[in-house]
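*Asks:* So that we are looking at the same thing, I have put the structure below in structure tokens.
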Amino acid sequence: MMRHWLAAGLMVVGLTAASVQAQTIYPLDRAEILAGSRFDFKVEFPGAPSRGVVTVTINGREAAAVLGRSATYVEREDGQDYAAYTVRGGAITAPGRYVAEARDGTRSARVVWEVFGTPARRAKNVILFIGDGMSVAHRTAARILSKGLVEGRYGGELAIDDMPHMALISTSGTDSVVTDSANSMGAYTTGHKSCNNALGVYCARNKHFLDHPKVETLGELAKRKGLAVGVVTNTEIEDATPGGMVAHTRLRWEFNDIVAMFYAVKPEVILGGGSVNFWPKSTAGSKRTDEINYVQKFEADGYRHITTLTELKAAVAGGASRLLGLFNTGNIDGALDRRVLKKGSVDKFPDQPDLVDQTRAALAVLSKAPNGFVLMVESGRIDKYTHSLDWERAAYDTIMLDNAVKLAKEFAGTRGDTLIIVVPDHAHPVSIVGTYDDERPGDTLRSKLGTYAASKFPNYPPADAEGYPPSIDVSRRIAFVYGATPDYCETGRPHLDGENRPTAKGADANTFVANEKNCVPGAARRPGNLPISSAAGVHAADDVILTAMGPGAELFRGRLDNTRVFRVITTALGFGR
Ligand SMILES: [Zn+2]
């Protein structure tokens, strides 16, 4: 009876606590924090209590003192119904378990962090390759196209597969099962999980997108420790993955701010697309809202500004020590368009570099850095083309990534001082289920699909020296399927006249319907399984495959959270000492 009464009493207390929200503490519970790395500490007190009644401690001491910075206290931050206790840019240097607690006299909250140190530095250089959205089916498709598949055996290994260490990486963020490319990259570059669309910040209740609590990025850390930094992508340089090396923003789409953050951090090598956010507003085509000319600002700081492959090669041959390469107003065209089909913006930008050219240039510049370097290289359109349900373009860009990794492996060679990591930031729900064979009877796409014993090997022509089949439009093709789509028409054929556009705007606002251009005889009309507001395919929560080699790579094994990639990198570099 007594026990019963106690239990009931506890339930009432529990309900009361739940109905009045407790404080929120950033970094969140279970954060792993690199010893000495900088971060903003914040507590949000619901009900906006006055400063006099609150206490905020870390391991029992005043939080600001532990973090080595002063605190601010705002009773109604941004006019909202909570008070904010904030310590900007603090750090904890001694490794260990830390308990942060906040009290306002009636309510309290606590989080536990692990502050991790690192042993002595083992890697001089780190090269982090991101295959954006690269899923198992992309690897398999790239291997089939690049190496050939005869009697069940491949004609060779992909460089991304042929590495001694491997792990499964889980990619979920703090707010949702399925991540986007911002908070997933942030996990790799800060070691902290965050929410969708956020780069280098925790998602607090701040109203302004630049005010959220920041955590130090790999780009900033490396520069602070005296290493050189390179950021290389074939997307817009301001996009989430490259931006994750330097940026702190709740909104990944605010490209103009991200350009300013690149300028603040000053990676020695910056190579990608997205030039229009560097040009002053008055320049034709500029997407800036101010008259700042970031091309000129970088040039004034010793950067060689280049816009073509020819200029890139000349700059490297001329011994340039800082590169700002902006090769397209938007994304750099993918390998299938540049090499085979000549679509996309290839007419307008005929001399764009390949990711391999960019990686070669970056290594030439960065390898001169006496204290080593951190280089991030992203093959970013694997993701974008998969959103467009255009797997052939995604597979060619997977081959391009593979070539860039091969080059990096040659660079690392027998040096023994370079950690190479290849990892997607998230998956797509894609799979290979057989082959479409024009020789099979029937008029429908389903009748052309061979599964199991009928999935005869595809007949793509042998790849060229760089691993690309010279033609993609063959009679027996990989049947690559998408698990989550809008309404669309599947042709089962490559999109020869440009990147696929699976949908068109529907009659109602924010709705999408199948793009009728693809609804040709022989195509399959597929009812979508995504909300009708979806214009394209979406990411998946599936784990992704990481492969690695070099000093520190042995720490990758089993299943790891994405934040552990940061931990392994900073451990290899000895950044926690
Ligand atoms: Zn994506």
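The values are calculated or read from the model by the stated rules, or taken from the named source; none is laboratory data. In this text, all values refer to a predicted model and were calculated from it rather than measured experimentally. Here Cβ is always computed from backbone atoms with ideal geometry, including for glycine, and neighbour counts include all displayed protein chains. When the accessible area is computed, the model is the full protein with side chains, heavy atoms only, and any ligands, DNA or RNA have been set aside. Shrake-Rupley method; radii C 1.70, N 1.55, O 1.52, S 1.80 Å.
*Asks:* Quick one: residue 354 ticks every box in (1) within 16 Å of the ligand (Cβ to nearest atom); (2) within 26 Å of residue 186 (Cα to Cα) except a single one, so which number is it?
*Replies:* (1)
*Asks:* Next question. If residue 541 meets every condition in (1) surrounded by 18 or more Cβ atoms within 10 Å (Cβ to Cβ); (2) within 16 Å of the ligand (Cβ to nearest atom); (3) not aromatic (Phe, Trp, Tyr) apart from one, which number is that one?
*Replies:* Among (1) surrounded by 18 or more Cβ atoms within 10 Å (Cβ to Cβ); (2) within 16 Å of the ligand (Cβ to nearest atom); (3) not aromatic (Phe, Trp, Tyr), residue 541 violates only (1).
*Asks:* Let me ask something else about it. Identify, please: which residue in the stretch 358-380 is more than 16 Å from the ligand (Cβ to nearest atom) and small (Gly, Ala, Ser) and is, among those, nearest to the chain's Cα centre (by Cα)?
*Replies:* Here the answer is 362.
*Asks:* Looking at residue 98 and the list (1) under 26 Å from the mean Cα position of the chain (by Cα); (2) within 24 Å of residue 212 (Cβ to Cβ), which single condition is not satisfied?
*Replies:* (1)
*Asks:* Which of (1) in a strand (DSSP E or B); (2) at pLDDT below 95 is the odd one out, the single condition residue 45 does not satisfy?
*Replies:* Residue 45 satisfies every listed condition except (2).
*Asks:* Residue check, residue 498 against (1) closer than 23 Å to residue 135 by Cα; (2) surrounded by 15 or more Cβ atoms within 10 Å (Cβ to Cβ), all met but one. Which one?
*Replies:* Answer for residue 498: the failing condition is (2).
*Asks:* For residues in the stretch 121-161 being among the β-branched types (Val, Ile, Thr) and part of a strand (DSSP E or B), which is farthest from the chain's Cα centre (by Cα)?
*Replies:* 150
*Asks:* Are there strands (runs of 3 or more DSSP E) fully within the stretch 77-119 with at least 2 residues that are open to solvent by 50 Å² or more (accessible area, probe 1.4 Å) and modelled with pLDDT of 95 or more? List them.
*Replies:* Strands (runs of 3 or more DSSP E) meeting the threshold: 96-103, 108-116.
*Asks:* Same structure, new question: Determine, yes or no, whether residue 562 is polar (S, T, N, Q), under 28 Å from residue 219 (Cβ atoms) and within 16 Å of the ligand (Cβ to nearest atom).
*Replies:* yes
*Asks:* Return the pair list, or none, for Cβ contacts closer than 6 Å from residues in the stretch 414-431 that are more than 19 Å from residue 167 (Cβ to Cβ) to residues that are among the charged types (D, E, K, R) and open to solvent by 10 Å² or more (accessible area, probe 1.4 Å), at least 6 apart or on different chains.
*Replies:* Every condition considered, the pairs that remain are 417/124.
*Asks:* Which condition does residue 451 not pass, out of (1) β-branched (Val, Ile, Thr); (2) more than 31 Å from the chain's Cα centre (by Cα); (3) within 19 Å of residue 389 (Cα to Cα), if it passes all the others?
*Replies:* So residue 451 meets the others, but not (3).
*Asks:* A follow-up question, please. How many residues, within the stretch 321-332, are open to solvent by 10 Å² or more (accessible area, probe 1.4 Å) and not polar (S, T, N, Q)?
*Replies:* 2
*Asks:* May I pose another question? For a quick check of your reading of the model, give me the residue pairs whose first member lies in the stretch 525-550 and is farther than 25 Å from residue 445 by Cβ, whose second is in a strand (DSSP E or B) and within 14 Å of the ligand (Cβ to nearest atom), with beta-carbon atoms closer than 6 Å and at least 6 apart or on different chains.
*Replies:* 542/427; 544/424; 544/427
*Asks:* Taking residue 300 as meeting all but one of (1) open to solvent by less than 60 Å² (accessible area, probe 1.4 Å); (2) small (Gly, Ala, Ser); (3) more than 22 Å from the chain's Cα centre (by Cα), write down the number of the exception.
*Replies:* Result: residue 300 passes all but (1).
*Asks:* Where in the stretch 162-254 are the helices (runs of 4 or more DSSP H), entirely inside, with at least 2 residues that are away from the ligand (no atom under 16 Å from the Cβ)?
*Replies:* 181-190, 218-224
*Asks:* Say we look at the stretch 510-534 and pick out the residues that are farther than 14 Å from residue 483 by Cβ and open to solvent by less than 40 Å² (accessible area, probe 1.4 Å); which of these is farthest from the ligand (Cβ to nearest atom)?
*Replies:* 522
*Asks:* Still on this structure: Being closer than 30 Å to residue 560 by Cβ and outside the structural domain of residue 170 (by TED's automatic domain parsing): is that true of residue 507 here?
*Replies:* Answer is no for this residue.
*Asks:* Report, by residue number, each residue of the stretch 381-438 that is surrounded by 24 or more Cβ atoms within 10 Å (Cβ to Cβ), away from the ligand (no atom under 16 Å from the Cβ) and acidic (Asp, Glu).
*Replies:* Once the filter is applied, which keeps residues that are surrounded by 24 or more Cβ atoms within 10 Å (Cβ to Cβ), away from the ligand (no atom under 16 Å from the Cβ) and acidic (Asp, Glu), the stretch 381-438 yields 392, 402.
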